[in-house]
Each structure stands twice: as structure tokens, then as C-alpha cells.
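The values are calculated or read from the model by the stated rules, or taken from the named source; none is laboratory data. These figures come from a predicted structure and were not determined experimentally. Cβ: placed from backbone, ideal geometry, glycine included. Neighbour counts: every protein chain shown. Accessible surface is based on the protein model in full, side chains and every heavy atom, while ligands, DNA and RNA are left aside. Shrake-Rupley method; radii C 1.70, N 1.55, O 1.52, S 1.80 Å.
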Amino acid sequence: MGQEPPVDLMNTVWGSGKGTEDALATADGAREWIREIVPRLEQRPRSLDHWLPCASPLSVKETAFDLRRLRDALRRLAADATVDERPAGVVSDLPGRQAAVDTLNTTAARAAASSALVWPGAGVPTIALQGDLPGGIAVSSLVALQAVRLFGGEERKRLRACLAPSCANYYLSGHGRRRWCSQACGNRGRVARFNNKQSSNVIG
């Protein structure tokens with residue numbers, strides 16, 4: 001969806017006619033999602049760029065496990081932040097908000113490292129993390145750091161639960177009137193609203 005990485009992580013699980021679908025359920029699915037998200041991680045360490053092309057299946061599975069656990073925490077917090085009452089809203093085994101906060105903070109703490117300037121000869125200077133931070137751990141911990149800033153700052157007020165039928169996604173709204181995570185969900189929502197109105201007219 002191209003949302004902020006923490007929101008994209010929340011949306012890696014969804015309902016379908018086959019039950020619950022999970023983009024991080026397999027090593028291949030997790031690797032594909034990680035490839036998509038890595039360029040958008042802030043201050044990523046060099047270890048991450050080296051790890052991703054040659055990560056072992058076991059390493060990717062371990063990272064996917066960490067991401068799924070973090071996702072559960074983020075969805076729990078998002079449900080609280082948006083007062084989400086959708087049946088599909090909270091896909092999480094965490095018992096409550098404090099357990100989610102603890103999971104988020106523990107994951108973010110694993111990124112403990114200092115910022116470093118990286119300025120290649122003919123390139124543009126950037127900021128990266130320096131320290132012994134393995135690539136797989138970097139993925140979940142950097143997403144967690146961005147989630148801390150999301151839930152602890154003003155961006156939290158832009159977080160919304162999609163109101164389209166059967167959608168479990170969250171999104172960051174650009175303005176207060178948007179009710180859908182995507183154009184497709186907007187179309188589904190309008191069709192459902194029209195059908196409900198037609199049914200009401202028939203009954204009336």
C-alpha cells in the first residue's frame with residue numbers, strides 16, 4: 001500500500017474467503033515483503049543491505065517470526081488508537097495494551113546503536129546506524145522504532161481503520177473525510193452502502 005512501514009506491517013494479515021491470509025507466513029513471502037520495506041527504513045545499517053541478498057531461509061523465518069509478533073502488538077495499539085470495533089480489526093493474541101507496548105518497546109530496544117554519517121565519494125551523504133546490528137534484527141527493530149514515533153506523536157491522529165466491508169487494514173489519512181484504505185475499498189464501501197439503501201427502500 002505504500003504506507004509508513006509500521007502501517008504496512010499491520011496490513012500483512014487479512015481475511016479472505018479461504019480464512020486468514022498472512023504475507024509473512026512463509027520464508028518466501030517474508031523475504032518479498034522485507035525487500036519491499038527495506039528501502040523505506042530510516043537509518044538502516046550496512047549490515048541490512050549485505051544480509052538481505054544472501055539471508056538463509058532459517059534467518060528469514062526468524063525475522064518473520066519477530067515481525068509477526070511486532071505486527072500483533074501494532075494492531076492491538078492501532079485498534080485502541082482508532083477505537084476500532086471491526087470484527088476483523090484486532091488480529092492479535094496479546095491480552096491488552098500494556099503487553100503490546102512492552103512488545104513494541106522491547107523490539108525497538110534491539111536497535112540500540114549510534115547514528116553515523118555515510119558519504120560515498122560521488123554520492124549524497126546519508127545517516128546510517130553503526131554498531132553490531134545483525135540484518136534480520138535490524139528489520140524488525142527499525143520498523144519498531146518508526147512505530148514508536150507513530151504512536152507517540154501527532155501522526156497517531158491520522159491513523160484510521162478502513163470501513164470497507166471485510167477489510168482489516170489500517171491507513172494514515174491525508175484528510176479527515178477519507179474512510180477507506182484504498183480506491184478498491186472505497187468502491188466496495190460505496191456499493192455496500194448503495195445496496196443497504198436499496199434494501200431499506202424495498203422493506204420500507
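Can you confirm whether region 87-102 contains a residue that is closer than 19 Å to Ser47 by Cα, basic (Lys, Arg) and modelled with pLDDT of 85 or more? No, every residue in region 87-102 fails to be closer than 19 Å to Ser47 by Cα, basic (Lys, Arg) and modelled with pLDDT of 85 or more. Among the candidates Ala128, Ala112, Ala100, the residue that is buried (at least 20 other Cβ atoms within 10 Å of the Cβ), touching a Ser or Thr at 6+ places or on another chain (Cβ under 9 Å) and under 24 Å from Ile34 (Cα atoms) is uniquely Ala100. Restricting attention to region 19-32, the residues that are touching a Leu at 6+ places or on another chain (Cβ under 9 Å) and open to solvent by 30 Å² or more (accessible area, probe 1.4 Å) add up to 1. Residue under question is Ala23, and the condition is that it be among the small types (Gly, Ala, Ser) and in contact with a Phe, Trp or Tyr (Cβ under 6 Å, 6 or more places away or on another chain); does it hold? For Ala23, the condition - among the small types (Gly, Ala, Ser) and in contact with a Phe, Trp or Tyr (Cβ under 6 Å, 6 or more places away or on another chain) - is met. Beta carbons closer than 6 Å, at least 6 apart along the sequence or on distinct chains, pair a first residue in region 1-12 that is in contact (Cβ under 8 Å) with a residue 40 or more places away in the chain with a second that is β-branched (Val, Ile, Thr) and surrounded by fewer than 21 Cβ atoms within 10 Å (Cβ to Cβ) for Pro5/Ile37.
Across region 154-182, the qualifying residues are those that are free of Cβ contacts under 8 Å to residues at least 60 places away in the same chain, small (Gly, Ala, Ser) and more than 14 Å from Thr82 (Cα to Cα), and the one among them that is surrounded by the most Cβ atoms within 10 Å (Cβ to Cβ) is Ala164.
Looking only at region 38-48, residues that are without any contact (Cβ under 8 Å) to a residue 40 or more places away in the chain and either in contact with a strand residue (DSSP E or B) (Cβ under 6 Å, 6 or more places away or on another chain) or charged (D, E, K, R) (or both) come to 1 in all. Filtered by the rule that a residue be β-branched (Val, Ile, Thr) and within 13 Å of the chain's Cα centre (by Cα), region 119-150 gives Val139, Val143, Val148.
Could you list, in sequence order, the residues of region 93-110 that are more than 15 Å from the chain's Cα centre (by Cα) and under 19 Å from Val60 (Cβ atoms)? Within region 93-110, just Arg110 meets the criteria.
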